[in-house]
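*Asks:* Please read through the structure below; I'll follow up with questions.
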Amino acid sequence: MMKNLLLIWLSITLLGTTTIAHGQTIQDYVEEHTEHAQELMRENEVPASVILAVAIHESAAGKSKIARHLNNHFGIKGPNNSTVINSSYRGYDAVEDSYDSFVEVLHNSSFNKLFDKYDQYDYNGWARGIQRNGYASSRTWASQVIAIIKKYELYQYDDRPDDYIAPTPPAPVGRKKRHYSAGSKYRSSSKKKGYASSKKTYTVRKGDNLNRIAESRGTTAKELMRKNGLKKSALQPGQKIRL
């Protein structure tokens, strides 16, 4: 009787552990791996935000099969000794080894020029540069990584100085939509009557800085400084900022 009760207790305990592991949130994942991502950032000047976002994207925040069985959080191909899954992805002894391997890949000839082109705070440049140099075939890969960084505010782990001004991302190349008006030539939709956005302002709160305000509004600190005639990026609580 006692043996059966012990087996039931062990089963419940193991089931509970599994549920917790598979129920891990993205925020849990970030908290678990931020320290190592920042260590790699400080040693290699690759943004911690990019390292974390790529891992979240490629491993479904540690929930994918290759993450669970191979400790591979970056989709890196290579040998493994797994008897659980048949995979062409590389196996690692620990998740941290997978993180180290990702940064090693960036030091390869295909990517090492990115270290001269971007600093450790420019996550936009790094994400697009990594995609452009062949890390992923999907055209939306960089946009997805950047979206993860913004949604979970991973840029806060990049040790950005308060007065850092993020480079302006290049405008996407595309054709303007045109509308036909009877008796007139085609015209750009941006000139269509009524097409104008109202001016908005933001009241600075304690703890705000120009970079975070810019990130949340989809613009840059440099652009906000230009709009508001600011010579310095320092802000005061109660200050009004034109967006």
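*Asks:* What does the charge add up to near TYR89, with Lys and Arg as +1, Asp and Glu as -1, over the other residues with Cβ less than 13 Å from its Cβ?
*Replies:* Values: positive: LYS65, ARG68, LYS77, ARG90; negative: GLU58.
Residues close to TYR89 contribute a combined charge of +3.
*Asks:* Net charge near ARG132, counting Lys/Arg +1 and Asp/Glu -1 over other residues with Cβ under 13 Å of its Cβ?
*Replies:* +4
*Asks:* Right, next: Quick one: pull the percentage of alpha-carbon pairs in segment 20-94 with a separation above 16 Å. Mind showing how you got there, number by number?
*Replies:* Numbers: 1411 of 2775 pairs.
Within segment 20-94, distances greater than 16 Å cover 51 percent of Cα pairs.
*Asks:* Do any of LYS150/LYS227; LYS200/LYS227; LYS77/LYS150; LYS117/LYS231; LYS150/LYS232; LYS150/LYS222 go past 21 Å between their Cα atoms, and which? Spell out each step's value before the answer.
*Replies:* Details: LYS150/LYS227 23 Å; LYS200/LYS227 12 Å; LYS77/LYS150 28 Å; LYS117/LYS231 26 Å; LYS150/LYS232 24 Å; LYS150/LYS222 18 Å.
Exceeds cut-off: LYS150/LYS227; LYS77/LYS150; LYS117/LYS231; LYS150/LYS232.
*Asks:* Can you sort ILE241, ILE130 so the residue with the fewest Cβ neighbours within 10 Å comes first?
*Replies:* Values: ILE241 20, ILE130 24.
Exposure proxy ranking, most exposed first: ILE241, ILE130.
Each reported figure results from applying straightforward, stated rules to the coordinates on display, with no laboratory input. On a predicted model such as this, the values are computed, not experimentally measured, just so you know. Counting neighbours? That spans all protein chains shown, and the Cβs are built from the backbone with ideal geometry, glycine included.
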